[in-house]
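Report on the structure given below.
The values are calculated or read from the model by the stated rules, or taken from the named source; none is laboratory data. Just so it is clear, the structure is predicted and the values come from calculations on it, not from any experiment. Cβ coordinates were reconstructed from backbone atoms using ideal geometry, including for glycine residues, and neighbour counts include every protein chain displayed.
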């Protein structure tokens, strides 16, 4: 029963994402892909003077889990500080963002792609699949 609720949430956010798009003049941006399945995610953040996320958007293509996870993660980061996000652990992605942990290693990688991209963005990594285009 609980798995059905999570499956519905994933499908709903995959079909009707709330945070898909681009940020005008983002302060942080990064993109990467999962080479095993081809999922691709770009994350853009706009922060205020205190380092608090004012706007977060994602774009990309991939399976339902990776796209829904990206959308849910963008909702989660709204209003949080960069320091809070730097301290965020992957278990938070499962417990607080998604509400479940996928059962297979391949699906875990799909669910964590946006988390990985977020971390790379806020730590200012250069490069990625197409680089930082800000």
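Values for this structure:
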{"quantity": "Segment 15-64, residues that are closer than 17 Å to residue 119 by Cβ and assigned to a loop (DSSP other than H, G, I, E, B)", "calculated": "26, 27, 34, 39, 51"}
{"quantity": "Some residue of segment 78-98 being in a strand (DSSP E or B) and surrounded by 18 or more Cβ atoms within 10 Å (Cβ to Cβ)", "calculated": "no"}
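Conditions tested, residue by residue: (1) within 11 Å of the chain's Cα centre (by Cα); (2) more than 18 Å from residue 110 (Cβ to Cβ); (3) at pLDDT 95 or above.
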| position | (1), (2), (3) |
| --- | --- |
| 1 | no, yes, no |
| 17 | no, no, yes |
| 20 | yes, no, yes |
| 60 | yes, no, yes |
| 76 | yes, no, yes |
| 81 | no, yes, yes |
| 87 | no, yes, yes |
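Residue by residue, here is whether (1) closer than 25 Å to residue 12 by Cα; (2) touching a helix residue (DSSP H, G or I) at 6+ places or on another chain (Cβ under 6 Å) holds:
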residue	(1), (2)
43	yes, yes
55	yes, no
70	yes, yes
84	no, no
105	yes, no
109	yes, no
